Structures are given as structure tokens and as C-alpha cells.
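**Student:** Would you mind keeping the following structure in view while I ask a few things?
Just so you know, all these numbers are worked out from the coordinates, no wet-lab data involved. From a predicted model like this one, the values you see are computed outputs, not experimental measurements. Glycine gets a Cβ as well: all are built from the backbone with ideal geometry, and neighbour counts include every protein chain shown.
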Amino acid sequence: MNLRKVGCSLVLFTLAAVPALGRRSQAVSSSQNSKLFYPNTTDGLQNLIGDILRAAKTKDSGEEAELIRSLLMPENSTWFTDEYGPGFGTSLAAAYRRIVPSLEEEIKTIYHGNVRRGWMSPRILSYRDPEQVNAPIDHFLNCMNQIVPLYQTVFQGTSASFYMSQNSGENGKQAAGDLDGFFVYDQGGFRFIPGDIMMMLPKERPVRIRLDMNVMRSKVVNRVYPRYPQEALAKHIAGKVVIRLELDRDGKIRDAKVIEGNPVLSQAVMDAVKQWRFEPTRLDGDPVEVEVDMEMGFESH
């Protein structure tokens, strides 16, 4: 990350960016109920941002506010859970909702700063192939259930830049440049997601999870019950046996070990349980290994 001063009141942060992928599509604008349609293309996003900046420059506050507000995720949006699953997506959506009250004003401040500097036409970068982009963008794409494009803007130079104000009372706030995050397309329009929200994604999906047997019981596809050992019957041995199972991604038992129980009873349970098979367990669409404790009880008569 490079750092240099701009004038006497701004600091510029420059982030390495990846060249826009694919061919730019011709933007199509159509009027419907006095609202413009911006297609899911680089030109569509460029036109939308251009309209916001022109509205700000001409002081058309109503049009500007409407267009900036359109960049916020709709309240009924399911984009986060659709793309990142109910596990990760739900927490991302909740974090996004917490920052919404201040997001509109932050976007307005940054774009007003660009208008004052004459920065009216950004270049749009499109990311859709994890193999062609650098971290962390490749991770954001790889975590998706089905990859959809992420977009960024470049107002100055060849990479996304964030100009930070050093004016009294504004130190640390962004005053101009590119929005620090990504644009996505949801419910027929472009929406902006701050980078801090995307950074909440785990570095990698877990390869193993621990579940309760009450959850796993419905996933048993081949169940063999143990026989009460003759030795245990003769000696009136009773009690509980707990076996810890490790299942692979296909639901097959990779390992089993006794956690609790009389050795005579435990061996009978182990012989039966090793024949069990489970349906694969998935976390946000991906198969994962599972660790589960299975309990059985024996009563003597």
C-alpha cells in the first residue's frame, strides 16, 4: 500500500487493482415511470454513477438522493444468503443492516468530493474469475455458491484510490475517490457493499463440523442395532455406551472410538455402528466432515 499527500488536506491510499475482465457491453437506458434502467454491465454501472455525479453537480438533490439510495440493498434482499449461504450470509446481512443508516451520507460525501475535483467518469473494473484476480477478491468470489460479478470503480490512475480528509473534525473520513467496497447486482439494480462487510467472510470454509446425534439421526441411511452380548446378560452388565464417530464428506465412517462404557457392551456397539452409513452433510452447499457422539443404553433383566 502506497501513501502520499495530496495538497494540504488529503491523503491518498492506492490499492493494487486487477484489469477489468471481459468485453464492455453497450449500456441500454430506458425510461419507465421516470426511472432509468441500468443493466448488469460495466457500462450500466458507469452510466448510473455518471448520473449521480451529474445530479450532484447540477444540485438536483432529489434525483441525487434517489440514485444514491438505490445503491443500498433492499430490505427484503436475500443476496447475502443466496450467494454465501444461510451460515455466512446471515451474519453478513446483519452487519450490513447495522451500517445502512450512515452509508447513504458517506456515499454522498465522497461523490461530492469527486464533483469538486472534476472527476465525473470512472473506469469500471469487473471481477468474475477467481483465477484472474488477486487476494482478497479471489476469496470473495470463491466463497460464493454461484459466482456473480463484483464491480469496482477507478476515478484516478489505474487502481482504486481513497482520498482521506485531514481537515479539523474530519480526520480519518474519506473525502473523495472510489467507494471502498464492491458493487453487485440485485433485484434489477446495482447495490454497494462496503469492503469491511466482505472481509467478514471466513478465510476458508470449515472442513469439519461437530453436530449432535439428534441432528444426525435423520441422516442415517443404513442402521444396524447391536445385540446384547451373552457375557453381559450372564453377568447382568448394564449401562451407557458413547461412541465418537468421524464421518468423511460422503457420510462414511472414517474413525470410531469408545468415549464411555463397559468394554463388553462397547465392543457390541462398535461392531454394529461400523456398519452404519449417513447421508453427506453440507454446510452452505459444500460437503463437510462431521464429528458426532452416538449414545446407546443397555438394561439388564
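**Student:** Quick one: 3J(HN,Hα) in Hz for region 192-203, Karplus 6.51/-1.76/1.60 with θ = phi - 60°, rounded, Gly and Pro as x.
**Tutor:** So the Karplus estimates, Gly and Pro as x, are 9, 10, x, x, 4, 5, 5, 5, 6, 4, x, 4 Hz.
**Student:** What is the Cα centroid distance between region 114-167 and region 41-82, reported in whole angstrom?
**Tutor:** 16 Å
**Student:** Still on this structure: Can you tell me how region 155-282 classifies by the Cα gyration tensor, rounded, prolate or oblate, using a/c under 1.5 as the rounded cut?
**Tutor:** Verdict is prolate for region 155-282.
**Student:** Once amide H atoms are built 1.01 Å from N in the peptide plane, which residues 5 or more positions from residue 200, or in another chain, come under 5 Å H to H?
**Tutor:** Excluding prolines and chain starts, which carry no amide H, there are no hits.
**Student:** Is the shape of region 44-143 rounded, prolate or oblate, going by the alpha carbon gyration tensor and its root eigenvalues a ≥ b ≥ c, with a/c under 1.5 for rounded and a/b larger than b/c for prolate?
**Tutor:** Taking the square roots of the gyration eigenvalues as a ≥ b ≥ c, region 44-143 is oblate.
**Student:** Quick check for me: using +1 on Lys/Arg Cβ and -1 on Asp/Glu Cβ, what's the dipole size of region 208-298 about its Cα centre, in debye to the nearest 20?
**Tutor:** Taking the Cα centre of region 208-298 as origin, the dipole is about 260 debye.
**Student:** Something else about it: Classify region 208-298 as rounded, prolate or oblate from the Cα gyration tensor: take a ≥ b ≥ c as the square roots of its eigenvalues, call it rounded if a/c is under 1.5, otherwise prolate when a/b beats b/c and oblate if not. If you can, show how the numbers build up before the last one.
**Tutor:** Details: a/c = 2.80, a/b = 2.42, b/c = 1.16.
Here region 208-298 falls in the prolate category.
**Student:** Residue 145 versus residue 274, label points 7 Å from Cα toward the beta carbon: distance in nm?
**Tutor:** Taking the two extended label points, one gets 3.9 nm.
**Student:** Give me the distance in nm between label points sitting 7 Å out from Cα along the Cα-to-Cβ direction at residue 228 and residue 128, one decimal.
**Tutor:** Label at residue 228, label at residue 128, 6.6 nm between them.
**Student:** Now, a different point. Label residue 254 and residue 159 with points 7 Å out from Cα along Cα→Cβ: what is the distance between them in nm?
**Tutor:** Inter-label distance under the simple model: 3.9 nm.
**Student:** Would you pull out the residues with amide H under 5 Å of residue 148's amide H, same chain only if 5 or more places away, H placed 1.01 Å from N?
**Tutor:** Placed amide hydrogens put nothing under 5 Å from residue 148.
**Student:** For region 52-60, take each phi angle, set θ = phi - 60°, evaluate the Karplus expression 6.51 cos²θ - 1.76 cosθ + 1.60, and give the result in whole Hz per residue in order, putting x for glycine and proline.
**Tutor:** Along region 52-60, the couplings run 4, 5, 5, 5, 5, 5, 8, 6, 8 Hz.
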